[in-house]
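Structure record follows, encoded as structure tokens.
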Amino acid sequence: MYTTLISVEQLKALQAGGQPLMVFDCSFDLMKPDAGEQAYLGGHIPGAVYANLDTDLSAKHGAPGPAGVLTAHDADAPASGGRHPLPNREKFATWLSSVGFANDMQAVVYDRNGANYCGRLWWMLKWAGHDAVAVLDGGLQAWQAEGGAVATGKEPAHFQSNFTLGTELAKLVTTQTVEAGLGQPGQTVIDARAAPRYRGEVEPLDPVAGHIPGALNRPFGQNLGEDGKFKPAAQLRAEFEALLAGRDPATVVHHCGSGVSANPNVIAMQIAGLGTTGLYGGSWSEWCSDAARPVARG
């Protein structure tokens, strides 16, 4: 079972061995929402299922209910706010079943975007109680560089399965929890956005620039080496320990703009042997939606 990373060679061996396996292509482009699926159709690992960030891995923003607000009784009620609200676990399990993913399968997730988007599906499967999910180290680029075959167009549909939710193996943190922990030793917030966004110098996506007071900054791309693969575990551990400067890794809550690009930091800390850390699903986009919440700059 692979639970963090899987190499191209290991994936090929799994395919050859005929073990229950499903590969997911999570390629996406925030600025061009249709570009990810077009890239998938233009070339993907044979048999891979396309997982769309907007429609498969996020909940709807508006929904039935007073003033368009979802209540806990709605089947579509999201599990977080922000620009990419997490669907609730039951809704996610329904999607997994619809694409034929079953509990006995090894999941392999990849993209062509530096693990930015496939990390979301990795985290969501852990959250659904499925431990056997791994990121293809180096993404589609590594697959092609090592002679992996590429298919084009759509793949045949899979028979529906009945994916069953298990105990959560990932920790979802709410805005209320982050707010209550501000300035407390029991919480360490790490912001995965680029440094200019963290400092509040630019903000291309959200209405307010800045960061959560006290948050540390580690842009998610820092987890990868020049080859596009995750850095060695020892190096990741040293870098995170330097950033934490004595803070307990167990207190870490990761966030980014909308709960997507923070996931490579979550994965990297697990690779580094620093344990399971929290994800603030709504992230900066949910935090800054209320003007009463404090904002830091610089």
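The values are calculated or read from the model by the stated rules, or taken from the named source; none is laboratory data. If you're wondering where the values come from, they're calculated on a predicted model, not measured in any experiment. Because the Cβ atoms are built from the backbone with ideal geometry, glycine has one as well, and the counts that use them run over all protein chains shown.
Could you tell me whether residue 141 is part of a helix (DSSP H, G or I) and surrounded by fewer than 19 Cβ atoms within 10 Å (Cβ to Cβ)? Yes: the conditions hold for residue 141.
Is it true that residue 121 is under 26 Å from residue 256 (Cα atoms) and modelled with pLDDT of 95 or more? Considered against the rule, which asks whether it is under 26 Å from residue 256 (Cα atoms) and modelled with pLDDT of 95 or more, residue 121 comes out as yes. Close contacts from region 201-216, counting a first residue that is closer than 13 Å to residue 291 by Cβ and a second that is of a type outside the set (D, E, K, R) and assigned to a strand (DSSP E or B), with Cβ to Cβ under 9 Å and a gap of 6+ residues or different chains, come to 210/296.
Restricting 232, 196 to those that are at pLDDT 95 or above and over 21 Å from the mean Cα position of the chain (by Cα) reduces the list to 196.
Among the residues of region 199-235, the ones that are of a type outside the set (Lys, Arg), surrounded by 18 or more Cβ atoms within 10 Å (Cβ to Cβ) and more than 26 Å from residue 184 (Cβ to Cβ) come to 3 in all.
Scanning region 151-191 for residues that are within 27 Å of residue 288 (Cα to Cα) and touching a His at 6+ places or on another chain (Cβ under 7 Å) gives 189, 190, 191.
Being farther than 18 Å from residue 265 by Cβ and of a type in the set (A, V, I, L, M) holds for only one residue in 178, 202, 189, 173, and it is 202. With respect to being in a strand (DSSP E or B), within 30 Å of residue 191 (Cβ to Cβ) and small (Gly, Ala, Ser), residue 107 fits the description. Checking each residue of region 155-165 against the condition of being β-branched (Val, Ile, Thr), closer than 28 Å to residue 90 by Cα and assigned by TED's automatic domain parsing to the domain that holds residue 85 gives no match.
Residues that are modelled with pLDDT of 95 or more, within 20 Å of residue 265 (Cβ to Cβ) and of a type in the set (Gly, Ala, Ser): does region 137-153 have at least one? For region 137-153, residues modelled with pLDDT of 95 or more, within 20 Å of residue 265 (Cβ to Cβ) and of a type in the set (Gly, Ala, Ser): present.
Among the residues of region 144-192 satisfying the criterion of being over 30 Å from residue 256 (Cα atoms) and among the hydroxyl-bearing types (Ser, Thr, Tyr), which is surrounded by the most Cβ atoms within 10 Å (Cβ to Cβ)? Out of the qualifying residues, it is 161. Scanning region 237-252 for residues that are in contact with a strand residue (DSSP E or B) (Cβ under 7 Å, 6 or more places away or on another chain) and either in a helix (DSSP H, G or I) or surrounded by fewer than 21 Cβ atoms within 10 Å (Cβ to Cβ) (or both) gives 243, 244, 247, 251.
Quick grid of which residues meet (1) in contact with a helix residue (DSSP H, G or I) (Cβ under 8 Å, 6 or more places away or on another chain); (2) under 17 Å from residue 116 (Cα atoms):
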position	(1), (2)
165	yes, no
168	yes, no
172	yes, no
184	no, no
193	yes, yes
228	yes, yes
237	no, no
244	no, no
